[in-house]
Amino acid sequence: MMEETGIGIWGVPLAIFAGAIRVSTPFIFVSLGESITERSGRINLGLEGTLVFGAMTAYAIAVMSNSPWLGVLAAMATGAVFGLIHGWICKFPKVNDIAIGIAMMQFGLGLAFFLGKPFIQPVAPHLPSIPLGGWSDLPQIQSALNINVLFIIGALLSVALWWAFKNTRVGLILRVVGDSSDAARAMGLNPDSVRLLATAVGGSLAAVGGAYLSLFYPGSWNEGISSGQGLMAVALVIFARWNPIGCFLAALLFGGAGALGPALQSVGVTQGYYLFYAAPYVLTLVILVATSSPTRSLAGAPGALSITK
Amino acid sequence: MTIEVNTPTLSPLSADARSLRPLLEWLARRAEPVAISLGAILAGLALFSIFIVVVGKSPVDLFKLMYTGGFGSWFSIQNSLSRAAPLLLTALCVALPARLGLVIIGGEGAVVLGGVAAAAAALPLVGSVSPIIVLPVMAIAGMIMGGLWIGLSGFLRHYRGVNETIASLLLAYIAIALMNHFIEGPLRDPASLNKPSTAPLPSDYMLGNIPGMDVNWGLAIGVVACIVSWILIEATSFGFAARIAGGNVRAAQIQGLPVGRLIVGFTALAGSFAGLAGMIEVAAVQGSANASLAAGYGYTGILVAFLARHNPLAIIPVAILLGGIDASGGLIQRRMGLPDATVLVLQGTLFVVILLCETFYGRFKIFNPDLWKRPALSGRTA
């Protein structure tokens, strides 16, 4: 293979680059969704269930309608419903948002496996990708630059959200509610309603991440479709300091770290192959340890967020 | 209202009713968690029944099958108890830190690494040393490994301010990668072809069954662990200090309690129970460490602990109930043509509804003796 193309050792960074884009896309959506929810001062640990349910819905609707984009829209709708349930339950006193997240995760996974059983066999149409590598004769470069549409949408969305948090009225409302429920009430805002909507939007974005898994890469529906992307979202958002562009870059980094193992294996490095799977988690933990402090909350953290105290 | 209660006025009640009052107050306070939990379970079952009706099946048939599959015969009871055994230990891994106000969700990591450590500790000893020594060595290895793994989350929490929920979750993923590394690499038995495993334990080195039952000793170990944990929390000064720190860290520190050591100690103890669950899985069920260790016991344990409201004694019936629900999954699949995920839907529904019902604590006057009016005492108590 190497002789044919003369790409040699450059295959490793190229494989990591292509892998980073492929693996990072679900992380981008799920972490952008979680960043919106957490900016409103609430944490949704149940996005793993939302993501898997979104993957199932998108696949099922795409099979039935033969349209992958209809699948993505349906997934967004179910994700919003999951978010609304989470947000509605959390507004009651004495209810712990972290525990509800774990419960909603189990509920979402169970329901997705239950309803998704008939869709393991059928084949759904995939989401399209854009070939940006046409200028090159090398097939590796062409396939590496075959960028999926959702990745591009995710990149644009992260910039748009970053701008919206800073410059729009909605962004300001979200940040005020996230920093202080009392300040929000003084402004005449209802924190519970804002958080309800923020959790619903977060859920619908997480479901898009799931739709990517079932409709693009790996591009099939089964019960092992997610490898914990939804759970990692919480860590990713902390890692990105609640900044949407940070979420995008962190997701790319995660994708690259996750693609490191397979890329090295493809050039014959097999020692410690399984340890590379731990790379993104070790990286997150190291950064959390390095930047946390027992005496102050994390820089950039929304003041009303329970998990950084 | 409370002033009225506390004012020592002359009561129109008979001496009989007045002597009953402390008993009724005690009963009312104890009845609250039981009544709210039962109400929540009924509400959850009702919601689940609606779901089953919507998919076109009979909930009555389903619950009958669930009973038959979980507790209908001696065989199914033993099956349920076997499934409950690891949940007892993994639920403790959540419940003990929860008494200190910590949410640990990475018990799965302690289970898999506890299993790997136990298998690794047995390797050089098998054949030359008696099983009576090897099994305790395995248990200790599993407990130390699990204790270190979850204790690290507690340590990072207290001394570095890292959120323990996230840290324990990350550590669980790292643990599974480490397990795969060891069973595919350094510890792999070359004879295990399709399913990479460590070298199998000879049958005389396996942890056997409880006499008269087809259930391994893991069940007895789990029950003892729950009872010991309950005594530790409720009846020792260590447990009392932990409950204070769980209520208010600042107050505990002002009182001079060693909060850091309490947090690290409790998380390490919790992790050692989960590590023990991994050792039992290796020594009593699998016979070697392999990928089956990551069967999700750590995650179901979270559900058990929350349903038991982090009370170690309540964990025992809850784990057996969930073991029974789990055991009936196959029967429901065969007889009713429902997917095996049916039990997951039920578990998820119960979990959500029970947490939602936390909001009802303190809302009912009947469970709150401080709000009782004096004249009402004689008649309306239940």
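Worth a mention:
- Pair list, Cβ < 9 Å and 6+ apart or interchain, from region A:264-291 residues that are facing chain B (nearest Cβ under 9 Å) and touching a residue at least 24 places away in the same chain (Cβ under 8 Å) to residues that are basic (K, R) and outside any loop (DSSP other than H, G, I, E, B): A:L288/B:R160
- Given (1) farther than 18 Å from A:S35 by Cα; (2) more than 13 Å from the chain's Cα centre (by Cα); (3) of a type outside the set (A, V, I, L, M), index of the condition A:T284 fails: (1)
Residue by residue, here is whether (1) more than 24 Å from the chain's Cα centre (by Cα); (2) modelled with pLDDT of 95 or more; (3) assigned to a helix (DSSP H, G or I) holds:
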{"position": "A:G108", "(1), (2), (3)": "no, yes, yes"}
{"position": "A:A112", "(1), (2), (3)": "no, yes, yes"}
{"position": "A:Q121", "(1), (2), (3)": "yes, no, no"}
{"position": "A:I130", "(1), (2), (3)": "no, no, no"}
{"position": "A:G133", "(1), (2), (3)": "yes, no, no"}
{"position": "A:D137", "(1), (2), (3)": "yes, no, no"}
{"position": "A:I147", "(1), (2), (3)": "no, no, no"}
{"position": "A:I153", "(1), (2), (3)": "no, yes, yes"}
{"position": "A:L157", "(1), (2), (3)": "no, yes, yes"}
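- Qualifying position, being surrounded by fewer than 22 Cβ atoms within 10 Å (Cβ to Cβ), closer than 21 Å to A:G101 by Cβ and either of a type in the set (D, E) or touching a helix residue (DSSP H, G or I) at 6+ places or on another chain (Cβ under 6 Å) (or both), among A:L174, A:L205, A:L196, A:L213: A:L196
- Residues within region A:41-83 that are in a helix (DSSP H, G or I) and either touching a Cys at 6+ places or on another chain (Cβ under 7 Å) or more than 13 Å from chain B (Cβ to nearest Cβ) (or both), tallied: 27
- Selected residue (criterion: surrounded by the most Cβ atoms within 10 Å (Cβ to Cβ)) from residues of region A:221-233 that are touching a residue at least 40 places away in the same chain (Cβ under 8 Å) and assigned to a loop (DSSP other than H, G, I, E, B): A:W221
- A:L253 being at pLDDT 80 or above, away from every other protein chain (no Cβ under 11 Å) and within 30 Å of A:D179 (Cβ to Cβ): yes
- Filtering B:A252, B:A268 for residues that are modelled with pLDDT of 90 or more and not acidic (D, E) leaves a single hit, B:A268.
- Any hit, region A:45-61, residues being at pLDDT 95 or above, more than 30 Å from A:A279 (Cβ to Cβ) and aliphatic (A, V, I, L, M): yes
- Exactly one residue out of B:A274, B:A251, B:A319, B:A268 is over 11 Å from the mean Cα position of the chain (by Cα) and touching a residue at least 24 places away in the same chain (Cβ under 8 Å), and it is B:A268.
- Considering region A:113-129, the residues that are without any contact (Cβ under 8 Å) to a residue 60 or more places away in the chain and of a type in the set (A, V, I, L, M, F, W, C) include one that is farthest from the other protein chains (Cβ to nearest Cβ), namely A:L115.
- Residue count, region B:157-193 (criterion: among the β-branched types (V, I, T) and either surrounded by fewer than 19 Cβ atoms within 10 Å (Cβ to Cβ) or closer than 23 Å to B:A118 by Cβ (or both)): 3
- Condition check for A:A301: part of a helix (DSSP H, G or I), in contact (Cβ under 8 Å) with a residue 12 or more places away in the chain and either surrounded by 15 or more Cβ atoms within 10 Å (Cβ to Cβ) or within 12 Å of another protein chain (Cβ to nearest Cβ) (or both): no
- Note on region A:19-73: residues that are aromatic (F, W, Y), farther than 26 Å from A:G110 by Cβ and within 16 Å of the chain's Cα centre (by Cα) total 0.
- Apart from one condition, B:L313 fits all of (1) modelled with pLDDT of 95 or more; (2) closer than 17 Å to B:I36 by Cα; (3) surrounded by fewer than 21 Cβ atoms within 10 Å (Cβ to Cβ); the exception is (2).
- Unmet requirement for A:G110, which otherwise passes all of (1) of a type outside the set (S, T, N, Q); (2) surrounded by fewer than 21 Cβ atoms within 10 Å (Cβ to Cβ); (3) free of Cβ contacts under 8 Å to residues at least 12 places away in the same chain: (2)
- Considering the conditions (1) more than 10 Å from chain B (Cβ to nearest Cβ); (2) modelled with pLDDT of 85 or more; (3) in a helix (DSSP H, G or I); (4) out of contact with any Asp or Glu (no Cβ under 8 Å at 6 or more places or on another chain), A:R241 is excluded by exactly one of them, (3).
- Some residue of region A:75-92 being among the charged types (D, E, K, R), without any contact (Cβ under 8 Å) to a residue 60 or more places away in the chain and surrounded by fewer than 24 Cβ atoms within 10 Å (Cβ to Cβ): no
- Condition met for A:G101 (more than 8 Å from every other protein chain (Cβ to nearest Cβ), touching a Leu at 6+ places or on another chain (Cβ under 8 Å) and either at pLDDT below 90 or part of a helix (DSSP H, G or I) (or both)): yes
- Boolean, B:L171 is part of a helix (DSSP H, G or I), within 14 Å of chain A (Cβ to nearest Cβ) and either farther than 20 Å from B:V103 by Cβ or out of contact with any Leu (no Cβ under 6 Å at 6 or more places or on another chain) (or both): yes
- Filter pass, A:L161 being within 30 Å of A:P13 (Cβ to Cβ), over 20 Å from the mean Cα position of the chain (by Cα) and hydrophobic (A, V, I, L, M, F, W, C): no
- All of A:I173, A:I120, A:I152 fail the test of being in contact with an Asp or Glu (Cβ under 9 Å, 6 or more places away or on another chain) and hydrophobic (A, V, I, L, M, F, W, C), apart from A:I120.
- Flag if B:A139 is buried (at least 24 other Cβ atoms within 10 Å of the Cβ), touching a Leu at 6+ places or on another chain (Cβ under 9 Å), in a helix (DSSP H, G or I) and of a type in the set (A, V, I, L, M): no
- Search result, residues across region B:214-269 that are among the polar types (S, T, N, Q) and not in a helix (DSSP H, G or I): B:N216, B:T236, B:N248, B:Q255
- Filter pass, B:V111 being farther than 19 Å from B:Y297 by Cα, among the β-branched types (V, I, T) and either away from chain A (no Cβ under 14 Å) or in contact (Cβ under 8 Å) with a residue 60 or more places away in the chain (or both): no
- Qualifying residue in region A:56-74 (condition: surrounded by 24 or more Cβ atoms within 10 Å (Cβ to Cβ), of a type outside the set (A, V, I, L, M, F, W, C) and closer than 18 Å to B:V103 by Cα): no
The values are calculated or read from the model by the stated rules, or taken from the named source; none is laboratory data. In this text the structure is predicted, and so the values were computed from the model without any measurement. Neighbour counts are summed over all protein chains in view; Cβ atoms, including those assigned to glycine, are modelled from backbone coordinates with ideal geometry.
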